[in-house]
1. Mind counting the residues in region A:279-297 that are outside any helix (DSSP H, G or I) and either on the phi > 0 side of the Ramachandran plot or surrounded by 16 or more Cβ atoms within 10 Å (Cβ to Cβ) (or both)?
2. Of the numbered conditions (1) in contact (Cβ under 8 Å) with a residue 12 or more places away in the chain; (2) surrounded by fewer than 24 Cβ atoms within 10 Å (Cβ to Cβ), A:L343 fails exactly one; give the number of that condition.
3. Kindly state which helices (runs of 4 or more DSSP H) lie completely within region B:227-340 and contain at least 2 residues that are more than 24 Å from B:V57 (Cα to Cα) and more than 18 Å from the chain's Cα centre (by Cα).
4. Kindly indicate the residue of region A:94-122 that is assigned to a loop (DSSP other than H, G, I, E, B) and within 11 Å of chain B (Cβ to nearest Cβ) and also surrounded by the fewest Cβ atoms within 10 Å (Cβ to Cβ) among those meeting that condition.
5. Specify the residue that is nearest to the other protein chains (Cβ to nearest Cβ); the eligible residues are those in region B:17-32 that are over 15 Å from B:L399 (Cβ atoms) and touching a Leu at 6+ places or on another chain (Cβ under 9 Å).
6. How about region A:353-363: which of its residues are surrounded by fewer than 19 Cβ atoms within 10 Å (Cβ to Cβ), in a loop (DSSP other than H, G, I, E, B) and in contact (Cβ under 8 Å) with a residue 24 or more places away in the chain?
7. Would you confirm whether any residue within region B:26-49 is more than 19 Å from A:G42 (Cβ to Cβ), of a type outside the set (F, W, Y) and under 21 Å from the mean Cα position of the chain (by Cα)?
Amino acid sequence: MSCEVKSKERAGIINPMVTCQPAGAQYASIGIEDCTAIVHGGQGCVMFVRLLFSQHLNENFDIASSSLHEDAAVLGAVHRVEGAVDVLLERYPHVKVVPIITTCSTEIIGDDVEGVVRKLKKGLLATKYADREVHLIPVHTPSFKGSQTSGYDAAVTAFVKHFATKTEECNGKLNLITGWVDPGDVKELKHLLKMMDVDATVLFEIENFDSPLMPDKSAVSHGNTTIEDMQGTANAIGTIALNKYEGGKAAEYLRDKFEIPTIIGPTPIGIRNTDTFLKNISKLTGKPIPEALVRERGKAVDALQDLAHMFFADKKVAIYGHPDLAIGLAEFCLDLSMKPVLLLIGDENPNYAKDPRLLAIKEHAEFDMEVITNADLWELEDRIKNRGLEVDLILGHSKGRFIPIDNNIPMVRVGFPVYDRAGYYRHPKVGYNGAVWLAEEMANVLFTDMEYKKDREWILAMW
Amino acid sequence: MPYHTFKCSEMLPDREKHAVIKGPGEDITSALPLGNLNTVPGTITERGCAYCGAKHVIGTPMKDVIHMSHGPMGCTYDTWQTKRYISDNDNFQLKYTFATDMKEKHVVFGAEKMLKQNIHEAFDAFPEINRMTLYQTCASALIGDDMDAIAKQIMKERPGVDIFVCNAPGFGGTSQTGGHHKINIAWINNKVGTVEPEIKSKYTINYVGDYNIQGDCEIMTDYFNRMGIQVISMFTGNGSYDDLRAMHRADLNVLECARSAEYICNELRTRYGTPRLDIDGFGFDLLAESLMKVAMFFGDDCVEKAKAIIDEEVARWKPELDWYAKRLKGKKICLWPGGSKLWHWAHVIEEEMGVKVVSVYSKFGHQGDFEKGIARCSEGALAIDDPNELEALEAMEMLKPDCILTGMRPGEVAKKIRIPYLNIHAYHNGPYKGFEGWVRLARDLYNAIYSPVMNLAAIDISKDDFETGKGFMTRTMLSDPGVPREELHTENMYTGKMDIVTHLRGKEYDFPAPEPKADAAV
């Protein structure tokens, strides 16, 4: 039995499974209150990313563009940033935080974003907006490096570096850096924190991405992590970053700069990782895990016990998505006696091959497993269509939707983006409730598939 | 002056002449917004880039092609699966997209070698496909890769393979429109005239500027085929690469979206003398007129067939259109598309559905589009060029429309202020072209405006004295309050099938025999 971690052999991409860095930085920026980012590049880098967010969350998010046109691409475009900052601040009086997110074009032409920020601070901000708190934060996310994952990581790090300010006293709060998650996840994480009686600063507080349609027309979808929240991260009693590759660097920065006790990982997908998460909270805060969570966990284990050895055992699963999500899902599948035979991660990072979670899987998997980094969706489709891979279930996001459709394989949509199923952003994938939701989704798609294919559908007649 | 200044844009002198309200008795000489100018940065524009105009809008609907973008993966990923242009080739063009995955080392040392490897890999993975479109992006344009040279090399190395190169980087223009132009010109310069079509009919056309959204193009080509006209190529909805190389052989270019595809029609006229006929596939009267115009270009037999189609279709669908029109009468809509629908729909939707178009806007239209659109609009309509988020919100607050016809994301903005939206780019339940399609649009508008759910959204249970004990509301309870059931004539609500396109595929048509070519004996 083996578990191989290797990079995709082809040079190019057939059906990409990830997008580029600026999209990740944009997703982080919409989590901050009174924040509207300016993406410095062509208009498509914003318009389509906003559409992606809309596809996934069924809401609108405001992000501005410096609208790079031909002349600026040739002659330099920093003046487009100057113009954009002024126009944005003047027309949106509530905006205080303006990340300036670079793209491939403006990185290649070598625009000096730090320089223009210095100029704006001395000029425009000191004069026209002298009475207003404004933070301009350069975020470097050239699209030809990393992916949406590293772009998200870069943005969280830039925000924390910009804001975190040490004051005299510890604020008694825990920093919780969630990584790229859904509103349903944040809701669940806050529930666990409340049960643990822990006051936390959540980066980012995105529960309100799922916003109501109100009679007074007042609601908009936006994140609620404040400037004060981020400033306070330097005075916390500890930091937990759930995802090593999405927010881990920011946690390391807080640890190294302000000596904040820090735990990075694990992604709390499944029972065991949630147990560890709670234990880690307990370690950093001294708060005990309450009886109520023992019951909540018990309900979740009960639900899984109903399904695992009957329906999940030995089912072969292919998983693709963000690295921490994909690894977390693989661990959960193993706990359910499933066989995650193929794991696709969409970008390259030298740390993947050394990731202790993957090393542990390598040591213990009782079946042949492949982990492909820098992968595209063709790595999955080609194996299924042309190379004899048989899987019983696919876990991944909507961009790969034609693989299950064309090959008659059941699939649970999980990750970003999900636009071909209703309301998935609302449900947690983390915590005990996330474990139940994921397991029951998997069971129900397997059941539907049995019925659709008339494959021992009679089993369910008496289950 | 009829220029309209939005409160939110008072401080932006550059926005001064981008919105007008058509005043009483005014025509386009006194009211025309600027168009196709550089965007004011930071306004939160709705515009996209030239790359998407070329690759995403015009290139990708071609159904038998490997569509590859030379650049980082984001351009490809972000534009993939965001449109509903279907095809009869098992939707290959929707399912597969290709990116060369440009990384930092390529930016520094060049990416031509990697591009070459990429092209070989793609053809190897799909041996049944031997056509490719290759799109430049911002990154590959700035590092200066010679994509044309690589494409030529590959075509030598792999006989039987044909590659089209489109150099339209994201920054190449004010918006999508820059890319529309570039791909039109690149296609006529490099591909038209390189294939000779099989001529099956005395009458031949290219159907240009339709992207087969939910099957629009298939509905229209069915009409043309029934009229005895052979459609040599579709530019580009459900279009085939090699058919489009034979565009020079058509007798007539029938042009739908002049915004995105008039360039190629104009070039075909200049270079090959092919006349251009602009038509409207939307609306009963305009469509009937359009089919007649095309028929009259060809001859009496064609005219007779067109008349028969029109009579049959109108008789079948008019009662259903009227049922909806009666209930849509006086409802206010904002017609907020990307470009051409602002003039395709502006007056016909008013005349045939009774709605009032209170505003038109265009993300990437030129002044010419506004000229046509505003001429067709009624008094009081607000026309906006390159709208931005705040202006759109201000316009909705001012005009209080009952429905917004726009894209998905702006639709989400409207939702929060309790205005339903219809997707004018991808459609809700289209196709909307054709007689039946127009009824489907009326049906979707009615369903949006009289949705019992949106009706619920207005109720504040903490304050309002709302009616209790009611388990449901139907659409007709909202559209026809108090009207007895037997007087509703619900039998005239839309009776068509959910899928009206698939059954057209593989249909056989009779064509009048082509006249022998004068040079056949040579």
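1. Start the filter on region A:279-297 by keeping residues that are outside any helix (DSSP H, G or I), which leaves A:286-290.
When the remaining residues are screened for being either on the phi > 0 side of the Ramachandran plot or surrounded by 16 or more Cβ atoms within 10 Å (Cβ to Cβ) (or both), the result is A:286-287, A:289.
Counting residues in region A:279-297 that are outside any helix (DSSP H, G or I) and either on the phi > 0 side of the Ramachandran plot or surrounded by 16 or more Cβ atoms within 10 Å (Cβ to Cβ) (or both) gives 3.
2. (2)
3. Ranges flagged: B:258-272, B:284-298, B:300-328.
4. The qualifying residue surrounded by the fewest Cβ atoms within 10 Å (Cβ to Cβ) is A:G110.
5. B:H18
6. A:A353
7. Among the residues of region B:26-49, at least one is more than 19 Å from A:G42 (Cβ to Cβ), of a type outside the set (F, W, Y) and under 21 Å from the mean Cα position of the chain (by Cα), which makes the answer yes.
Each row is one residue, and each column tells you yes or no for (1) surrounded by fewer than 23 Cβ atoms within 10 Å (Cβ to Cβ); (2) farther than 25 Å from A:I30 by Cβ; (3) of a type in the set (F, W, Y); (4) within 12 Å of chain B (Cβ to nearest Cβ).
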position: A:H79; (1), (2), (3), (4): yes, yes, no, yes
position: A:E90; (1), (2), (3), (4): yes, no, no, yes
position: A:Y129; (1), (2), (3), (4): yes, no, yes, no
position: A:H135; (1), (2), (3), (4): yes, no, no, no
position: A:G151; (1), (2), (3), (4): no, no, no, yes
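The values are calculated or read from the model by the stated rules, or taken from the named source; none is laboratory data. What you see is a predicted model, and the numbers here were worked out from it, not measured in a lab. Reconstructed Cβ throughout: ideal geometry from the backbone, glycine too, with neighbour counts over all protein chains shown.
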